[in-house]
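Remarks on the structure that follows.
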């Protein structure tokens with residue numbers, strides 16, 4: 001759900017940032033961290049993530065490591081973020097069999113031979129699922145079923161680790177225990193120039209309070225009638241849709257970007273790695289272990305969903321490769337049913353949470369990324385009011401609701417909770 005950028009907040013491009021890195025110093029640091037001090041070679045062509053430059057390192061005995069170097073200039077906020085991310089990754093690696101990178105060395109300051117913060121981790125085998133999902137020579141019903149079953153099996157393990165509040169996982173070194181602390185600046189905000197390590201909000205003991213608090217902070221800072229109207233409507237959905245029975249503890253650790261670019265698989269589709277846990281938080285169960293993988297919920301983020309069918313004009317040859325690599329809404333709905341079936345076999349008690357988890361995800365995206373908000377609100381309005389017994393509600397649209405909000409003549413009570421919850425179901 002994070003925005004992606006290849007330019008740091010001080011205007012430095014990624015290529016110029018890379019040119020200044022001393023790869024010999026990086027290799028030397030890896031050699032010092034490795035038992036036996038084996039010689040190490042750094043592959044000169046890195047991979048670029050949203051917030052990190054990634055290098056692959058190979059030792060003389062064939063062992064491979066990964067070096068992740070933040071792009072943003074060092075700040076106390078960056079140091080805090082790296083420390084929190086390490087806590088989450090160490091917790092998962094210690095308490096589950098989810099294949100995540102093991103942290104070998106993590107330096108959160110510039111006081112080292114590289115002159116930059118960095119993290120050295122083990123290398124995970126496998127191929128990014130994003131490279132295989134639309135490959136007709138690999139993508140089969142059996143491979144897809146294996147991916148879903150393997151992924152659901154791994155993620156369901158997080159249900160065994162309950163926490164009392166919503167926030168960020170932290171560790172008390174004095175007493176040797178984990179605890180839930182407040183939210184701190186995210187990688188996105190640090191990339192945008194945030195340098196303060198001070199906490200932002202939380203922790204929360206309620207899903208509704210957490211969601212409404214995040215919206216309220218945006219309302220306070222909002223300018224313009226349209227933006228304010230969107231936020232009021234978003235607040236209505238956030239206040240009504242989540243199931244009251246799921247409002248309180250327990251809460252669970254969740255992956256912040258559960259996309260197929262972060263899933264590694266073998267030739268048969270077995271998951272060999274789940275990477276990029278930066279910005280992991282503890283939150284509601286329907287947004288954590290029970291959620292759908294985000295690449296099969298693409299249609300619930302309409303602005304970012306690039307699928308086009310023949311009825312929308314043009315043909316496949318006119319579309320970019322990216323636009324072609326989208327599953328249709330009908331296909332995505334079928335994939336969600338398949339994943340739900342796989343999860344139900346593992347955890348029938350929580351399966352109903354999975355069924356509606358794509359709605360919770362869309363709600364969180366709309367809160368976090370304002371540019372997606374109008375389209376997601378339109379999708380929610382269609383979902384909530386379509387098929388309502390009240391004929392007047394059938395004709396309600398996002399635009400009409402927004403307009404009535406801006407005129408100050410629309411209140412939550414004029415619709416009522418029973419009409420906001422389609423078929424008596426919650427997310």
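No value in this document is a laboratory result; all are computed from the given coordinates. The structure displayed is predicted, hence computed values, not measured ones. All Cβ positions, glycine included, derive from the backbone under ideal geometry; neighbour counts span all protein chains shown.
Hey, how many Å between the Cα centroid of the range 325-354 and the Cα centroid of the range 81-97? So the two Cα centres are separated by 27 Å.
Highest average first, the peptides 230-240, 44-54 ordered by how many other beta carbon atoms sit within 10 Å of their residues are 230-240, 44-54. Does the range 18-123 come out rounded, prolate or oblate by the C-alpha gyration tensor, with a ≥ b ≥ c the root eigenvalues, rounded set by a/c under 1.5 and, if not, prolate when a/b is larger than b/c and oblate if not? Oblate shape, in that a/c is at least 1.5 and b/c is the bigger or equal ratio. Per-peptide packing, taken as the mean over residues of other Cβ atoms within 10 Å, places 293-300, 102-109, 62-69 in the sequence 293-300, 62-69, 102-109 from highest down. Summarised as an ellipsoid, the range 57-201 has semi-axes of 30, 22, 17 Å, derived from the eigenvalues of the Cα gyration tensor scaled by 5 and square-rooted, with the largest first. Across all directions, the shadow cast by the convex hull of the range 189-294 built on its C-alpha atoms averages 9.2 square nanometres. When each of the peptides 75-87, 328-340 is scored by the mean number of other C-beta atoms lying within 10 Å of its residues, the order from highest to lowest reads 75-87, 328-340. Pairs of Cα atoms nearer than 8 Å and 6+ residues apart set the relative contact order; for the range 18-123 it is 24 percent.
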